[in-house]
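A short worksheet on the structure shown next.
The values are calculated or read from the model by the stated rules, or taken from the named source; none is laboratory data. Please read all numbers here as calculations on a predicted model, not as lab measurements. Here the Cβ is made from the backbone with ideal geometry for all residues, glycine too, and neighbour counts use every protein chain on show. The area values use the complete protein model at the heavy-atom level, side chains included, leaving out ligands, DNA and RNA. Shrake-Rupley method; radii C 1.70, N 1.55, O 1.52, S 1.80 Å.
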Amino acid sequence: PGWAADPKPFSVLRGHTSSVNALKLRLGDTASSSVLFSGSGDETIRCWDMQAGRCIQELEQAHTGYVSSLVMNGDYLISSSFDRTICLWNADRRTVIKSIKAHAHCINSLCMHESGVVLSAAWDQSVRVWDLRVREGGHGFV
């Protein structure tokens, strides 16, 4: 299958008050349980019901800077921001589990491996590797 000669969106999601910079789709068992997370320069993360095409929750306390990246691993949503933090969220409850100051400057990007390893890249000219898995003795991101 190819692109239509003049493709048009079948839905437009509106609500952020600044640029939308990051997207992560969480597919559910049914179309009605699929949720899109969007991160914005308005310092919020929004949760969208993809079937209804409407915002179902705004996570206003997400960050104090431009939300730059979103990744997921199972029931975890991980966000990064120009406020230099990474937040670990419970994706079902949409609540913050932990927030850490991760870099000395703005975080541009996150990358997630299925093992639970998260990589973050920032304006401080570094890539950092984080382990979400709780290790023996309680060491880990969580």
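For region 6-107, just run the numbers: alpha carbon Rg, then divide by 2.2 N^0.38 Å, N being how many residues it has.
1.07
Would you please name the GluC sites (Glu not before Pro) within region 1-78 that are DSSP coil residues with at most 14 other C-beta atoms within 10 Å of their C-beta?
Sites meeting the loop and neighbour criteria: GLU60.
Using a cut-off of 18 Å between alpha-carbon atoms, which aspartates and glutamates can reach LYS24, once sequence neighbours fewer than 8 places away in the same chain are excluded?
Candidates past the 8-residue exclusion: ASP42, GLU43, ASP49, GLU58, GLU60, ASP75, ASP92, GLU114.
Once the other residues with Cβ under 10 Å from the Cβ of VAL117 are scored (Lys, Arg +1; Asp, Glu -1), what is the net sum?
So the environment of VAL117 carries a net charge of -1.
How would ASP29, ASP42, ASP6 line up by accessible area, probe 1.4 Å, largest first?
ASP29, ASP6, ASP42
For the residue pair SER115 and ARG54, what label-to-label distance in nm results when each label sits 7 Å from Cα along the Cα-to-beta-carbon direction?
4.4
Please give the net charge around THR64, taking every other residue with its beta carbon less than 10 angstrom from that of THR64, where Lys and Arg add +1 and Asp and Glu add -1.
-1
Over the chain, what is the relative contact order in whole percent, taking alpha-carbon pairs under 8 Å and six or more residues apart?
Relative contact order comes out at 13 percent.
For region 1-105, run through the trypsin sites (Lys or Arg not before Pro) and keep only the ones in DSSP coil with at most 14 other Cβ atoms within 10 Å of their Cβ.
ARG14, ARG93
If you roll a 1.4 Å probe over the chain with all protein chains in place, what percent of the accessible area is carbon or sulfur?
That fraction is 51 percent.
Taking K and R as +1 and D and E as -1, what net charge do the other residues with C-beta under 14 Å from the C-beta of CYS87 add up to?
+3
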